[in-house]
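This report concerns only the one structure given below.
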Amino acid sequence: MRIIVIGKEGQVARALAERARMHEAEAVLLGRPKLDLADPSGIEDILREKGGDLIVNAAAYTAVDQAEAEPELAEAINGIGAGVVAGAAAAMGVPLVQLSTDYVFNGILDRPYREDDAVEPLGAYGASKLLGETAVAAETEDHVILRTAWIYSPFGRNFVKTMLGLAVERDEIGVVADQVGSPTNALDLADGIYGVARNLLERPEEKSLRGIFHMTGAGFASWAEFATEIFALSDRLGGPTARVRPLSAADYPTPARRPANSRLDCTKLEAAHGIRLSSWQASLEPCLKRLVMELRTSGNR
Ligand SMILES: NC(=O)c1ccc[n+]([C@@H]2O[C@H](COP(=O)([O-])OP(=O)(O)OC[C@H]3O[C@@H](n4cnc5c(N)ncnc54)[C@H](OP(=O)(O)O)[C@@H]3O)[C@@H](O)[C@H]2O)c1
């Protein structure tokens with residue numbers, strides 16, 4: 001299996017690259033400047049030139065707050081760009097896996113969101129990702145849209161790395177306690193994506209494998225609970241630790257509003273694809289081991 005991954009330096013793209021061999025796959029990573037989703041001309045040519053059995057679009061404009069100031073750019077990359085990739089996948093006759101987000105929902109429901117629940121993004125980023133979902137579905141039937149949430153990994157920028165960095169400097173950190181979601185290790189997500197990819201390639205006619213699916217770590221936590229677990233594990237591993245002071249989202253205003261409930265119901269994925277990610281607590285430990293080791297070797301602790 002040879003997959004083309006768009007989003008070369010991103011967390012999910014790097015996780016897909018790291019896990020490729022384990023899944024007897026080859027991952028070809030593409031990104032800026034060679035392939036820019038904001039510049040549709042030439043995208044299909046570049047994808048054809050690389051050639052593969054399946055395309056994963058893991059590239060996105062992910063600066064949630066900044067998107068409020070430049071919604072057109074977010075829309076161009078996450079909406080129009082995703083549609084162009086889907087059109088290219090259709091023309092090439094290969095399936096597309098498109099990454100999407102919990103931010104398509106308003107977070108008001110008091111249960112985990114299912115794939116067919118009503119969407120209502122609270123901000124420009126969520127709106128642009130929703131546009132991407134619509135554009136992908138319009139361009140190709142042979143797609144899987146994977147909505148995920150709260151991604152962390154040893155790569156790039158994410159909440160776990162931010163918390164560890166802050167704990168090097170502070171004894172106490174204020175963290176939002178009234179938003180809940182499912183922390184998702186990008187490496188688990190990559191394993192799940194390879195599983196989905198294999199199913200799509202092995203069963204090209206099976207409609208139940210296609211469409212929108214939710215894929216996150218199992219279980220839920222607030223950001224404050226997530227941070228508390230990060231520091232407990234880090235402490236045990238000899239890494240930096242801090243006390244968590246629970247905050248309300250209202251005490252921590254940001255340009256973009258975020259859903260209070262980001263929980264995604266992943267039962268459809270398990271029923272159709274036979275894939276379920278591990279509990280978020282179980283998946284946090286291996287990532288923290290790597291990060292604490294990295295901090296130690298870089299001399300911070
Ligand atoms: N992170 C989360 O918590 C989260 C939650 C839910 C859903 N998602 C979705 O999951 C996917 C992967 O997220 P991630 O955390 O891996 O993202 P990430 O670490 O922020 O990486 C995004 C990647 O997209 C690339 N990119 C941005 N604009 C581009 C453009 N115009 N053309 C080509 N590439 C471009 C970036 O390239 P540069 O290196 O050139 O900037 C970067 O490599 C995205 O679809 C995101 O919307 C993420």
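Values in this text are rule-based calculations from the coordinates and carry no lab data. Every value quoted in this text rests on a predicted model; they were computed, and no experiment measured them. Virtual Cβ from ideal backbone geometry, glycine too; neighbours counted across all protein chains shown.
Exposure proxy for Phe220, Phe213: other Cβ atoms within 10 Å of each Cβ, ordered fewest to most, give Phe220, Phe213.
Roughly speaking, what is the stretch gain from Arg32 to Arg170, that is 0.36 nm per residue apart minus the C-alpha to C-alpha distance, in nm to one decimal?
Numbers: separation 138, 0.36 × 138 = 49.68 nm, distance 3.58 nm.
So the extension gain works out to 46.1 nm.
Judged by the mean number of other Cβ atoms found within 10 Å, the most tightly packed of the peptides 190-202, 156-168 leads the ranking 190-202, 156-168.
Using the Cα centre of the chain as the reference point, and only Cβ charges (+1 on K/R, -1 on D/E), how large is the resulting charge dipole? Debye, rounded to the nearest 20. Walk me through the intermediate numbers first.
Numbers: 32 positive and 42 negative charges, 193 e Å.
So the magnitude is around 920 debye.
In a fully extended conformation the segment linking Ala118 and Glu206 would gain 29.1 nm over its present Cα-Cα distance, using 0.36 nm per residue.
Along the axis of the charge dipole computed for the chain (Cβ charges of +1 for Lys and Arg, -1 for Asp and Glu, origin at the Cα centre), the listed residues Ile4, Ala242, Ser279 are led at the positive end by Ala242. Within the same chain, aspartates and glutamates fewer than 8 places from Lys289 are excluded, and of the rest, those with a Cα less than 16 Å from its Cα are Asp188, Glu229, Asp235.
As a proxy for reagent exposure, ranking Ser100, Ser208 by other Cβ atoms within 10 Å from fewest up yields Ser208, Ser100.
In the Gaussian network model of the chain, springs joining C-alpha atoms below 10 Å, which of Ala138, Ala58, Ala127 carries the largest mean-square fluctuation? Result for the chain, Cα springs under 10 Å: Ala138 fluctuates most.
Could you work out the relative contact order of the chain, using alpha carbon pairs under 8 angstrom and six or more residues apart, expressed as a whole percent?
Values: 616 pairs, mean separation 62.2, N = 301.
Once normalised by length, the contact order is 21 percent.
Rounded, prolate or oblate: which fits the range 178-301 when a ≥ b ≥ c are the square roots of the eigenvalues of the alpha-carbon gyration tensor, with rounded for a/c under 1.5 and prolate only if a/b beats b/c? Verdict is oblate for the range 178-301.
Per 0.36 nm of contour for each residue apart, how much would the distance between Glu9 and Ser298 grow if the chain were fully extended, relative to their Cα-Cα spacing? It would help to have the intermediate numbers written out before the result.
Values: separation 289, 0.36 × 289 = 104.04 nm, distance 2.12 nm.
Result: 101.9 nm gained on full extension.
Pairs exceeding 24 Å between alpha-carbon atoms, taken from Lys207/Lys268; Lys8/Lys50; Lys34/Lys268: Lys34/Lys268.
To the nearest 0.05, what FRET efficiency results for Tyr252 and Gln281 with a Förster distance of 30 Å applied to their C-beta separation?
Working: r = 24 Å, r/R0 = 0.81.
Working from the Cβ atoms, E equals 0.80.
Between Asp53 and Lys289, the simple label model (points 7 Å from Cα in the Cβ direction) yields a spacing of 3.0 nm.
Our note on the geometry: Cα centres of the range 1-48 and the range 188-240, 19 Å apart. Separation of the range 109-159 and the range 73-89, taken as the distance between their Cα centroids, equals 14 angstrom. Rounded to the nearest 500, the helix-only mean residue ellipticity at 222 nm of the chain stands at -11500 deg cm²/dmol, with each DSSP H run of n ≥ 4 adding -39,500 (n - 2.57).
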